[in-house]
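Asker: If you scroll down you'll find the structure; I have some questions about it.
The values are calculated or read from the model by the stated rules, or taken from the named source; none is laboratory data. Please read these numbers as outputs of a predicted model, since none were measured by experiment. FYI the Cβ positions are ideal-geometry reconstructions off the backbone, even for glycines, and counts take in every protein chain you see.
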Amino acid sequence: MLSAVEDFGQALSHVCQQLLKVDSWRATEAIVVGGGFRASRIGELAIGRAGVLLKASACDTILRPIHHDPEAAGLLGCARLFPHSILAKYDALLAVDIGGAHIRTGLLKLKWRGGMLVSVKPVRSKQWRHGDSGSGRDAVVQHLADMLSELIAKAVKRRFLLAPIIGVGCPGLFKSDGTIERGAQNLPGNWEAPDFNLPHQLQSALPEIGGQQPSVFLHNDAVVQGLSELPYMAGTKHWGVLTIGTGLGHAQARTDSWYEH
């Protein structure tokens, strides 16, 4: 086990050092690591070892695990995809985290104070391992719509004021029209087809929320996991996130602006 930790730690340290040579990453003060790798004890130890190796190489960048369990982080970050002015009149939000092996859906409870979002808590979540189902792309999207429809019904039953907005974290780079340009090769079927639009397909399969057809917003899953870390980044001007799971994702932030790769 110690040998595996050392090997993973050295590999992760090397990846970070290579990223920090890129101009846009040079000023990075901290890197948080999410994805399924962070969820294991070996992963946590390897992240710690990589941080030690970075420091030993005279690098000032801090490396640490993302605060939340990755399963939660991929959902919680969705609450920070939208301006407060859009969400402030609602106390709940639906979130989706699409991975290479699993899909997770969550009903998030939002707590506001003075117009500011002070906490996000998952009150109901569901996971489906689509990788074992043998389902094609369209069947996976329909199953996802069914999972969300169940959560909508539960929100109504609990009398939540549910936002007619759904945040979705998904691997890949996206065009402005919601189609996936590249990076979705680990998902079942062809998610990069020019005639496949995940937000549109989901919207058409979902029931209304509060008398409105819900809007679906798609963003890179590494960005969404990183957004879950915002409450812990006060005083850090430039930071990044790595997600290590079925694939490797990374994103960076400078205070109030995000851009992903």
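Asker: Considering segment 61-93 alone, what residues qualify as being within 30 Å of Gly43 (Cβ to Cβ) and in a loop (DSSP other than H, G, I, E, B)? Lay out the reasoning, then the answer.
Answerer: Of segment 61-93, the ones within 30 Å of Gly43 (Cβ to Cβ) are 61-81, 93.
Residues satisfying the conditions are Thr61, Ile66, His67, His68, Asp69, Leu81.
Asker: Considering each residue of segment 16-60, count those that are surrounded by 16 or more Cβ atoms within 10 Å (Cβ to Cβ) and touching a residue at least 60 places away in the same chain (Cβ under 8 Å), and give that number.
Answerer: Counting residues in segment 16-60 that are surrounded by 16 or more Cβ atoms within 10 Å (Cβ to Cβ) and touching a residue at least 60 places away in the same chain (Cβ under 8 Å) gives 14.
Asker: A further question on this structure: How about segment 127-235: which helices (runs of 4 or more DSSP H) wholly inside it have at least 1 residues that are modelled with pLDDT of 95 or more?
Answerer: Numbers: elements: 137-157, 198-205, 221-227.
The helices (runs of 4 or more DSSP H) meeting that bar are 137-157, 198-205.
Asker: Do you know which residues across segment 108-132 are under 30 Å from Ala193 (Cα atoms) and surrounded by 13 or more Cβ atoms within 10 Å (Cβ to Cβ)?
Answerer: Ser125, Lys126, Gln127, Trp128, His130, Gly131
Asker: Can you tell me which condition Thr28 does not meet? The list is (1) hydroxyl-bearing (Ser, Thr, Tyr); (2) over 23 Å from Ile166 (Cα atoms); (3) assigned to a helix (DSSP H, G or I), and all the others hold.
Answerer: Failing condition for Thr28: (3).
Asker: Here's a follow-up. Among the residues of segment 65-89, how many are surrounded by fewer than 16 Cβ atoms within 10 Å (Cβ to Cβ) and of a type in the set (D, E, K, R)?
Answerer: Here the count works out to 2.
Asker: For Gly100, state whether it is touching a helix residue (DSSP H, G or I) at 6+ places or on another chain (Cβ under 8 Å), among the small types (Gly, Ala, Ser), assigned by TED's automatic domain parsing to the domain that holds Ala184 and surrounded by fewer than 14 Cβ atoms within 10 Å (Cβ to Cβ).
Answerer: Working: touching a helix residue (DSSP H, G or I) at 6+ places or on another chain (Cβ under 8 Å): yes; among the small types (Gly, Ala, Ser): yes; assigned by TED's automatic domain parsing to the domain that holds Ala184: yes; surrounded by fewer than 14 Cβ atoms within 10 Å (Cβ to Cβ): no.
Here the answer is no, as Gly100 does not meet what is asked.
Asker: Tell me, yes or no, whether segment 79-92 has at least one residue that is under 30 Å from Leu148 (Cα atoms) and either outside the structural domain of Val156 (by TED's automatic domain parsing) or among the acidic types (Asp, Glu) (or both). Don't jump to the end; show me each part of the working.
Answerer: Of all residues in segment 79-92, those under 30 Å from Leu148 (Cα atoms) come to 79-92.
Now drop any that are not either outside the structural domain of Val156 (by TED's automatic domain parsing) or among the acidic types (Asp, Glu) (or both), which leaves 91.
Yes, segment 79-92 contains at least one residue that is under 30 Å from Leu148 (Cα atoms) and either outside the structural domain of Val156 (by TED's automatic domain parsing) or among the acidic types (Asp, Glu) (or both).
Asker: Separate question: Tally time: how many residues in segment 1-43 are among the charged types (D, E, K, R), under 23 Å from the mean Cα position of the chain (by Cα) and farther than 21 Å from Gln252 by Cα?
Answerer: Going residue by residue through segment 1-43, those that are among the charged types (D, E, K, R) are 6-7, 21, 23, 26, 29, 38, 41.
Imposing the further condition that a residue be under 23 Å from the mean Cα position of the chain (by Cα) reduces the set to 29, 38, 41.
Narrowing the set further to residues that are farther than 21 Å from Gln252 by Cα leaves 41.
Looking only at that region, the number is 1.
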